[in-house]
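Beneath this line is the structure, given in structure tokens, with notes to follow.
The values are calculated or read from the model by the stated rules, or taken from the named source; none is laboratory data. Computed from a prediction, not measured in an experiment: that's the story for all the values here. Because the Cβ atoms are built from the backbone with ideal geometry, glycine has one as well, and the counts that use them run over all protein chains shown. Just the protein is used for accessible areas: all its heavy atoms, side chains included, with ligands, DNA and RNA removed. Shrake-Rupley method; radii C 1.70, N 1.55, O 1.52, S 1.80 Å.
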Amino acid sequence: IETVKDKNPVLVKEVMETAQFTYGQIQKVLQNLLEENVSIRDIVTILETLANYAAISKDPRDLTEKVREALGLQICLQYADSADHKLRVIQLSEGFTSLLQTNAVFPPDGSKPQVALDPVDRRKWIGAVSACLARVTEKGYQPIILCTQAVRPLVKSSTEREMPGIVVLSDMEVMAAGRNVLIE
């Protein structure tokens, strides 16, 4: 933040004084991004996004999703085919989206959201995701799940134990990338 302050003091003042973010709140958003291999080099965009959404929420989960949206092009290009800029994705069905939303648990301390599924639904969910990922991997593509922004953290948290390293993108990140990436 001190490095950004040298080149962009107005932005740092807006984030730290006007929006009244603490270093801890900013650090939590940065940690959330790094946990999912999202580069934080574009710290100016990250801080601008925090300043823009400060009046709406101070929740690190919400802010992380808004920052991911702002970094959508960067994130999508990270996973797109370098030759044709295609993202080959598995799109989450409305049924599974609804199931995850219905069973979502958001801890009040701001930690990762969880999905509290009964054992039968959990096996069904993990089985369906595993089968789709296996088919995508057989074709030589990196497995990427595309879902709505509202359930993206839920999909990630509910699959990371059984399928570490799975990439989960939101529709808003892809929309932010615009015509720079193609979806297949």
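Report the full-extension gain for the segment Ile40 to Gln101: residue separation times 0.36 nm, less the Cα-Cα distance, to one decimal in nm.
Separation in residues times 0.36 nm, less the Cα-Cα distance, equals 19.1 nm.
Nothing charged except the Cβ atoms of Lys and Arg (+1) and of Asp and Glu (-1): what's the magnitude of the dipole of segment 1-99 about its Cα centre? Round to the nearest 20 debye.
100
Which lysines have a Cα lying under 22 Å from the Cα of Lys58, excluding residues fewer than 8 positions away in the same chain?
Partners within reach: Lys5, Lys13, Lys28, Lys66, Lys112, Lys156.
Relative to the present Cα-Cα distance, how much length would full extension add between Ala150 and Ile1 at 0.36 nm per residue of separation?
50.7 nm
For Lys86, what residues show an amide H to amide H distance below 5 Å, using hydrogens built from the backbone and excluding near sequence neighbours?
Asp81, Leu182
Using the Cα centre of the chain as the reference point, and only Cβ charges (+1 on K/R, -1 on D/E), how large is the resulting charge dipole? Debye, rounded to the nearest 20.
Dipole about the Cα centre, nearest 20: 260 debye.
Just report the Cα centroid separation between segment 152-184 and segment 1-57, whole Å.
Each part reduced to its Cα centre gives a spacing of 22 Å.
Taking a probe of 1.4 angstrom, what is the accessible area of Lys13 in Å², to the nearest 10?
It works out to around 120 Å².
If you split all Cα-Cα distances of the chain into 5 Å bins from zero, what percentages do you get per bin, shortest first?
1, 7, 16, 19, 18, 15, 11, 7, 3, 2, 0, 0
By how many nm would the segment from Tyr23 to Asp62 grow when fully extended, if each residue of separation counts as 0.36 nm and the alpha-carbon distance is taken off?
Here the segment from Tyr23 to Asp62 would lengthen by 12.4 nm.
When DSSP beta bridges are limited to those with both residues in segment 36-184, what percentage is antiparallel, rounded to the nearest 5?
20
Calculate for the chain the 222 nm mean residue ellipticity that helices alone would give, adding -39,500 (n - 2.57) per DSSP H run of length 4 or more and normalising by residue count, nearest 500 deg cm²/dmol.
Only helices count here, giving -15500 deg cm²/dmol.
Among Ser98, Cys76, Asn52, pick out the residue whose Cα is farthest towards the positive end of the charge dipole of segment 34-184, where Lys and Arg carry +1 and Asp and Glu carry -1 on C-beta, about the Cα centre.
Value: Ser98.
Using a 1.4 angstrom probe, figure out how much accessible area the chain has per residue, in square angstrom, rounded to the nearest whole.
55
For Ala83 and Glu162, FRET efficiency with R0 = 25 Å and r from the beta-carbon atoms, rounded to 0.05?
With R0 = 25 Å, the Cβ-Cβ based efficiency is 0.20.
Which net charge results when you count Lys and Arg as +1 and Asp and Glu as -1 among the other residues whose beta-carbon is under 11 Å from that of Ala176?
That works out to -1.
Within the accessible area of segment 103-171, what % is carbon and sulfur when the probe is 1.4 Å and the other protein chains stay in place?
Within segment 103-171, the accessible surface is 59 percent carbon and sulfur.
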